[in-house]
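Visitor: This is the structure I have questions about; it appears just below.
The values are calculated or read from the model by the stated rules, or taken from the named source; none is laboratory data. If you're wondering where the values come from, they're calculated on a predicted model, not measured in any experiment. Note: ideal-geometry Cβ built from the backbone for every residue, glycine included; neighbour counts use all protein chains shown. In case anyone asks, the SASA skips ligands and DNA or RNA and just uses the protein heavy atoms, side chains included. Shrake-Rupley method; radii C 1.70, N 1.55, O 1.52, S 1.80 Å.
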Amino acid sequence: MQFAKVRSGVVKVDAKAGTAVSLDLTRRKEIATLADLLASADPAGIADELATGSPVPLASLEYLAPVDRQEIWAAGVTYKRSKVARQEESKGAAHFYDLVYSAARPELFLKATPERVVGHGAKIRVRADSKWNVPEPELTLVVSPDLRIVGFTVGDDVSSRDIEGENPLYLPQAKVYAGSASVGPFVTLAKDMPPLAEVGIKLVIRRGGKVGFEGTTSVSQMARTPEDLVSWLGRENEFPHGVLLMTGTGIVPPDEFSLTSGDVVDITIDGIGTLTNPVA
């Protein structure tokens, strides 16, 4: 089962039929948000109970990021391709990126607060003081307050590679700014996802109506498991509203490519759907 957050509220999605049904969250006292629903003991059963009205076409909906009050965190250097790219962009820190790829402790960082995240169809941004910017397509975990992986969505960790490459201490500026993260449009319940080893990820960047870059990878290429990443994220930390965790990227455009205003980024993940964002 899949869910989405839209301008009118929360909907249950039937991707095969291309429709969605609204959920009346006022009918359950303990379910006030999408995050509450996903963290409940029986999200699918409660959603069936709260469904109201007739199905509407998915194309008619205005999607919001499937985030309520959750922070968005991210993991780095979880794919070998990402490790190589980090080493190439920052020669001085190459040794450390090599170490973190094989270390027990992963790289984890705060990517965005809810106010900095955009949803499907909204504009992601590149920094005005950066000349080398890329999207980073990432399987994103939807995690409950008690650190259960309750769902999966599509994430884009937009990054300024030249700022990060100049000095690793500039990572927060390269990663965290308004419009630097996008997630959505759908959340697939964990139990309804295909086996993660079979999940493919595809990135297409269109420029002037033509494909400017295209790449693919598979979750099977991750060096860490989602469960391991969540266990580290939860050490000495609490997430009373839950948390979203981007799991790293395995697709890196060539060094001569940089996002520019007017580009359109499509990220497709098997079992979830396609997240589309124009670039500003």
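Visitor: Out of the DSSP beta bridges found with both residues in the chain, what percent are antiparallel (nearest 5)?
Guide: Bridges in the chain are about 90 percent antiparallel.
Visitor: Can I ask one more? Count neighbours as other Cβ atoms within 10 Å of each site's Cβ, and list the GluC sites (Glu not before Pro) in the range 185-267 that are DSSP loop with at most 12 such neighbours.
Guide: Glu236, Glu238, Glu256
Visitor: Now for a separate question. Hey, what number do you get for the chain at 222 nm if only DSSP H runs of n ≥ 4 count, each worth -39500 (n - 2.57), divided across all residues, to the nearest 500?
Guide: After summing the helix terms and dividing by the residues of the chain, the value is -5000 deg cm²/dmol.
Visitor: Continuing with the same structure: So which aspartates and glutamates pass the test for Lys202, namely a Cα distance under 15 Å, with those fewer than 8 places away in the same chain ruled out?
Guide: Answer for Lys202, where 15 Å is the Cα cut-off: Glu136, Glu138, Asp156, Asp157, Glu214, Asp266, Asp270, listed by chain and number.
Visitor: Where is the GNM fluctuation largest for the chain (alpha-carbon springs, 10 angstrom cutoff): Val204, Val183, Val67?
Guide: Val204
Visitor: Further, regarding this structure: Set the Förster distance to 51 Å, then compute FRET efficiency between Glu166 and Ala41 from the Cβ-Cβ distance, nearest 0.05.
Guide: Step by step, r from the Cβ atoms, then E = 0.60.
Visitor: Hey, which of these cross-link pairs are over 32 Å Cα-Cα: Lys5/Lys111; Lys175/Lys210; Lys111/Lys131; Lys16/Lys131; Lys5/Lys175; Lys16/Lys175?
Guide: Where the Cα-Cα span goes over 32 Å, the pairs concerned are Lys16/Lys131; Lys16/Lys175.
Visitor: Given a Förster radius of 45 Å and the C-beta distance between Lys29 and Glu214 as r, what FRET efficiency does 1/(1 + (r/R0)^6) yield to the nearest 0.05?
Guide: Rounded to the nearest 0.05, the efficiency is 0.40.
Visitor: At most 15 other Cβ atoms within 10 Å and a DSSP loop assignment: could you name the trypsin sites (Lys or Arg not before Pro) in the range 1-45 that fit?
Guide: Arg7, Lys16, Arg28, Lys29
Visitor: Another one. Let's see if you can work this out: charge +1 on each Lys and Arg Cβ, -1 on each Asp and Glu Cβ, no other charges. What is the dipole magnitude of the range 163-230 about its Cα centre, in debye to the nearest 20?
Guide: 340 debye
Visitor: Moving on to the next point. Using the Cβ atoms and a cut-off under 15 Å, what net charge is assigned to the surroundings of Gln2, where Lys and Arg are +1 and Asp and Glu are -1?
Guide: Residues near Gln2 contribute 0 overall.
Visitor: Turning to a different aspect of this structure: Counting alpha carbon pairs within less than 8 Å and at least 6 residues apart, what relative contact order, in whole percent, applies to the chain?
Guide: Once normalised by length, the contact order is 23 percent.
Visitor: Pairs of Cα atoms under 8 Å, at least six residues apart: use those to get the relative contact order of the range 146-280, whole percent.
Guide: That works out to 30 percent.
Visitor: Put His120, His241 in order of accessible area, largest first, 1.4 Å probe: what do you get?
Guide: Final ranking, largest accessible area leading: His241, His120.
Visitor: Then there's this: For the pair Asn237/Phe257, report the inter-label distance in nm, with labels modelled 7 Å from Cα in the Cβ direction.
Guide: Distance between the two pseudo-spin positions: 2.9 nm.
Visitor: Can I ask one more? Apply 1/(1 + (r/R0)^6) to the Cβ-Cβ distance of Asp14 and Glu115, taking R0 = 22 Å, and write down the FRET efficiency to the nearest 0.05.
Guide: It comes to 0.10.
Visitor: Still on this structure, please answer the following. Would you be so kind as to identify which of Asn133, Val183, Ser218 lies farthest towards the positive end of the dipole of the range 122-228, taking Lys and Arg as +1 and Asp and Glu as -1 on Cβ and the Cα centre as origin?
Guide: My answer, from the dipole projection, is Asn133.
Visitor: Tell me, what is the percent relative contact order of the range 1-83, built from C-alpha pairs under 8 Å that lie six or more residues apart?
Guide: 32 percent
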